[in-house]
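Okay, structure first, notes after.
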Amino acid sequence: MEPLTVTLSLISHTNVGKTTLARTLLRRDVGEVLDQAHVTQISESHELIRTDRERLRLWDTPGFGDTARLMRRLRREHDPIGWFLHQVWDRVMDQPLWCSQEAARNIKEEADVVLYLVNAAEEPEQAGYIAMELDLLTWIDRPVLLLLNQVGGDADGLRSRWREYVQPWSVVRDVQSLDAFTRGWPQEQQLLERVVDLLDDPQRAAMAELARAWRRRNLGVFHACCDWMAGYLARAAAQREVFSTLNKKTAMSKLNERLDGATRELMDRMIAEHGLYGGSAERIEQRMQDFIVRGAVPITPKSGAIAGAVVSGALGGLAADVLAGGLTLGGGLIAGGILGALGGSALARGYRLVGGRDDPSVQWSPDFLDQLCRQVLVRYLAVAHFGRGRGAFHEVEQPAHWGASVDLALSRHTTALRRIWTNADRHGDASDSERALRSILEKAAAAALEAGEPGHSDVANRAR
C-alpha cells in the first residue's frame, strides 16, 4: 500500500540558503550549493523520513527573484498567452523568471505546508522583496512556517521582531529559527511537531507519527553518543602505564598517545552517526599536572623537573586542544592558553605520590578527568549542531554559552564523578565506571541542550 505522504516545500528568495538547509535536514548532499543567484533551477523532491504507512517529503525549489513580474505571470497562467510565456518564452529567454514560476507552481500543486526561509541578518522592512513574497504566498494560500537562517546571537529577539513584522500576513502561522549551519536536533523536532498543528486529518495523524519517528531516530543518535562518551571516559580513568621497565617519559607519552587515538576515534564515530563527514583531526596536549605518578620512590622537585622537561618536549609536537577551558573549535570556548614548557617546581607539583603498588605507574589525575568530561560534552554539542550544509565537519567558532551550560550541568554531578574516578583508580576496571558515567552524561547533555536551545526544553528533556 502506498504510504500516506505529507509534503513540505522549502522556498525562499534566491541565494538565501534553501539547498544548504535541505542538506542539513536530509543528512546527505543534494542539489548544488554556490554563492550566486538561481543555482537551483528545478524543483526536486527528497524523502525526509518514512515509516511503514507514512512518508515525509521535502521539496527543494528554485529561489524567487523578481516577485512583481512573477505575480503578473502567475495571474495569467490559465490563458493561452500566459501559458506560452511560461512554457516557451521565459524558459528560453528569461530563465530566472521561469525558475521562480516553477517554485510557485510547486507550492500550489504539491505543498501541504510551506517552509519559507529568510535571512535573519536582514531587516525585514528594508528587504522589500519579503513583503511581495508574503503577498505571493497569501495568494497561493498554503500554511507557512517562516524560518530564520543566519540567526547569530539574539535568537529570541529576532523571532519577536519577525513575528511582529509578519502579523499582517495571516498565512504565516509561526516564526522559528532554523539556521542551516548551527541548528540542533531539538529545533528540527519542534519544527516537525509544529507542522502537525497545521494539518487536518488524516495527514495530521500521519505527521504526528512521522514526528515521533524523527524523534526516535535522533534519540537513538543521542544515546549512542552518550554510550561512546561514557566508554571513552571510563577507559581513560582506568588506564595507567607502568614504568618499572620504562622511564617516565615513555610511560607518559604512551598514555598520551592512547588518549589521543581514543579521542579521534570518538569524534569520528559521533561525526558519522550525525550524518556528517570529514575526519576530526582532534589531538590533545596535556599539561604535566594532568599526570599522576604512582610508586614508592619519592619524586623531588629537581628530578620531577628533569623528567617533566623531557616529556614536555616529547609532547610539544602534538596539536593543541583544550585543557583549562575549551576546544580548538573557536575562540569563544578557549578559556586557557596553549601550554608550553613549564618551570621545574611547577612540573614537580604535577606528580602525586601514591603507595600500595609494586610497580610505579602513570595515570590521569582526577582534575584532568573532570576537564575531559567537560571537554567531551562540548565536543558532542559541536557535532550535534553542525549542519551538513556547511560541508565537511571542521573546527568553527562556537557559542560561548556552551561551556557555561556544560559547567552548570556537570556541577550537579561533581561528587558522583569524583567517586567514579576513585573507583576506576582503585579497581582498574572500566565497566562499572562506564555504567555510572552513561547516566551522568545523558542527564548533563540533555541539560546542556535545554540551556542552549531556549524554547526547546520539552523536546530535549525526553532524552533523559
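The numbers here are math on the coordinates, done by the rules we state, and not lab data. These figures come from a predicted structure and were not determined experimentally. Glycine also receives a Cβ, built like all others from the backbone with ideal geometry; neighbour counts cover every protein chain displayed.
Give me the one-decimal nm value for the distance between modelled label points at residue 109 and residue 396, 7 Å along each residue's Cα-to-Cβ direction.
3.5 nm
How would you rank 61, 138, 182, going from fewest to most other Cβ atoms within 10 Å of each one's own Cβ? Kindly include the intermediate steps, with their values, before the conclusion.
Numbers: 61 28, 138 15, 182 20.
Taking fewest neighbouring Cβ atoms as first place, the list is 138, 182, 61.
In what sequence do 45, 12 fall when counting other Cβ within 10 Å, fewest first?
By the 10 Å Cβ count, ascending: 45, 12.
How do the peptides 377-385, 405-413, 109-117, 198-206 rank, highest first, by the average count of neighbouring beta carbon atoms within 10 Å per residue?
Values: 377-385: 22.6, 405-413: 17.7, 109-117: 21.0, 198-206: 14.7.
Highest to lowest by the protection proxy: 377-385, 109-117, 405-413, 198-206.
Simple spin-label model, 7 Å along Cα-to-Cβ: residue 141 to residue 1 in nm?
3.2 nm
At 0.36 nm per residue, and after removing the present C-alpha to C-alpha distance, how many nm does the segment from residue 370 to residue 224 gain when stretched out fully?
Result: 50.4 nm gained on full extension.
Find how much the distance from residue 121 to residue 257 grows on full extension, using 0.36 nm per residue of separation minus their present alpha carbon separation; answer in nm with one decimal.
Working: separation 136, 0.36 × 136 = 48.96 nm, distance 4.39 nm.
Contour length minus Cα-Cα distance gives 44.6 nm.
Between residue 426 and residue 200, what FRET efficiency comes out of the Förster formula 1/(1 + (r/R0)^6) with R0 = 56 Å and r the beta carbon distance, rounded to 0.05?
0.35
Quote the relative contact order of the stretch 146-252 in percent (integer), defining contacts as alpha-carbon pairs under 8 Å separated by 6+ residues.
Computed over the stretch 146-252, the figure is 19 percent.
Treat the count of other C-beta atoms within 10 Å as a stand-in for reagent exposure and order 422, 19 from fewest to most. Show your work: numbers first, answer last.
Values: 422 13, 19 24.
Neighbour counts put them in this order, fewest first: 422, 19.
Which length gain, in nm to one decimal place, applies between residue 265 and residue 173 when the Cα-Cα distance is subtracted from 0.36 nm times their residue separation?
28.8 nm
What's the local net charge at residue 168, with K and R +1, D and E -1, over the other residues with C-beta under 13 Å away?
Net local charge, residue 168 excluded: -2.
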